[in-house]
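Presented below is the structure to which this report refers.
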Amino acid sequence: MTDAPLPVVLVVAAALVDVDGRVLIAKRPEGKALAGLWEFPGGKVEPGERPEAALIRELNEELGIDVQEACLAPFVFASHAYESFHLLMPLYLCRRWSGLVVAREHAALAWVRPNALTDYPMPPADAPLVAWLRDLL
Ligand code: 523
């Protein structure tokens with residue numbers, strides 16, 4: 001007997017990069033899945049929502065910033081089978097936004113040099129994206 005395929009969940013995430021080339025990562029809060037791990041901020045795409053619109057919404061809800069769609073640059077895909085779903089997650093690079101970044105939903109935020117990202121424990125979907133970012137930045 002074969003196992004039923006896992007449902008696919010589409011999540012969008014951003015690598016916000018500041019003028020010094022540091023990348024924003026955010027610590028998942030207690031009480032949520034993967035608590036304590038440092039993720040690229042983002043969230044689930046709602047039914048009928050375009051991925052870019054979902055990311056703009058999530059960045060506003062989670063970090064209080066406004067991002068123009070034109071500032072979301074080409075992405076790399078993460079794909080990881082968690083226990084109960086298969087996560088597909090494009091990562092968008094974003095160098096411009098308006099507003100100050102604040103942790104509205106995360107336990108902490110950190111601006112980190114690409115070479116130091118591996119010092120922060122990440123969800124298994126996010127960790128493989130670090131090598132891509134290091135090469136790009
Ligand atoms: N990830 C993940 N990496 C990453 C994000 C933004 C999300 O691995 N950079 C995973 C964590 C959750 C799932 O994707 O298992 C959905 O994330 P999120 O943050 O949108 O959802 P939660 O944890 O708030 O869950 P709900 O309450 O169901 O919305």
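At-a-glance table
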{"read-out": "Given charges at Cβ of Lys, Arg, Asp, Glu: segment 1-86 dipole, positive-most of 76, 43, 5", "value": "5"}
{"read-out": "Trypsin sites (Lys or Arg not before Pro) restricted to DSSP loop in segment 13-78 with at most 14 other C-beta within 10 Å", "value": "32"}
{"read-out": "Å² of accessible area per residue within segment 1-80, as computed with a 1.4 Å probe and no ligands counted", "value": "53 Å²"}
{"read-out": "Sulfur and carbon atoms: percent of accessible area, the chain [1.4 Å]", "value": "54 percent"}
{"read-out": "For segment 7-106, the fraction of alpha-carbon pairs in successive 10 Å shells from zero, as %", "value": "15, 50, 30, 4"}
{"read-out": "Relative contact order computed over segment 47-96 (Cα-Cα under 8 Å; 6+ residues apart), in percent", "value": "28 percent"}
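The values are calculated or read from the model by the stated rules, or taken from the named source; none is laboratory data. Because the structure is predicted, anything quoted here is derived from the model rather than measured. When we count neighbours, we look across all protein chains shown, and the Cβ atoms used for this are built from the backbone with ideal geometry, even at glycine. Surface areas here come from the heavy atoms of the whole protein model, side chains and all, with no ligands, DNA or RNA. Shrake-Rupley method; radii C 1.70, N 1.55, O 1.52, S 1.80 Å.
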